[in-house]
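Contents: one structure, followed by commentary.
Nothing in this text is a laboratory measurement; each read-out follows from the coordinates by a stated rule. Note that the structure is a prediction, hence the values are computed from the model and not measured. With ideal geometry, Cβ positions are generated from the backbone for all residues, glycine too; neighbour counts draw on all protein chains shown.
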Amino acid sequence: MTHSLALVTSPDPGIRADILDGLRDFNSTVLFPGLQVENVAVVIRDDADGAIIGGLWGRTGLEWLTIELIFVPEHLRGQGIARRIIAMAEEEALRRGCHSAWLDTLNPDALFLYERLGYARFGELADFPTGRSRYFLQKKLKAC
């Protein structure tokens with residue numbers, strides 16, 4: 001098999017999907033045979049038209065909940081919605097056999113929320129971007 005390399009400065013999402021599919025295939029056949037990874041989402045819907053206006057996206061696998069995205073619209077913040085959607089995802093993760101959860105954030109306000117919810121910092125990437133930090137947090141959902 002021959003191959004070539006190409007830098008793609010404006011890649012479309014299909015390229016990411018192709019790379020991710022290859023990585024997932026490798027992980028599930030070589031590193032972790034039988035690996036089960038399942039997506040999980042908790043959505044916030046507009047009652048008027050049912051449109052999704054925010055929520056949480058994550059996945060479960062290797063007995064961990066990975067929270068990838070959380071977004072609560074500005075007009076709904078301060079009402080405990082983030083706390084509730086995280087709790088819903090954690091409950092589902094427990095049903096799926098997860099013992100822990102992790103997430104990361106660039107938002108200092110969100111950092112304090114996650115810490116109040118029992119998440120502990122395990123890493124910080126300083127100057128991401130310059131003068132700011134990206135924080136990595138984890139939480140035990142049950143003893144393993």
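I need VAL8, VAL43 ordered by Cβ neighbour count within 10 Å, fewest first. The partial results should precede the final answer.
Values: VAL8 7, VAL43 13.
Ordered by Cβ neighbours within 10 Å, fewest first: VAL8, VAL43.
Could you list which residues have their amide H under 5 Å from that of LEU62, counting only those 5 or more apart in sequence or on another chain, with H placed in the peptide plane?
Placed amide hydrogens put GLN36 under 5 Å from LEU62.
So how strong a dipole does the range 37-140 carry about its Cα centre when Lys and Arg Cβ are +1 and Asp and Glu Cβ are -1, to the nearest 20 debye?
300 debye
Label ASP127 and LYS142 with points 7 Å out from Cα along Cα→Cβ: what is the distance between them in nm?
Label-label distance for ASP127 and LYS142, simple model: 4.4 nm.
Is any residue of the range 22-43 close enough, with backbone N under 17 Å, to a label point placed 7 angstrom from the Cα of ARG59 along the Cα-Cβ axis, and if so, which?
Output list for this probe position: 22-42.
How high is the FRET efficiency between LEU35 and THR2 when r is their beta carbon distance and R₀ equals 25 Å, given to the nearest 0.05?
Efficiency, from the Cβ-Cβ distance: 0.20.
If you fit an axis through the alpha-carbon atoms of helix 81-95 and take the longest principal axis of the Cα set of the chain, what angle between them do you get, 0 to 90°, nearest 10?
Result, in degrees: 60.
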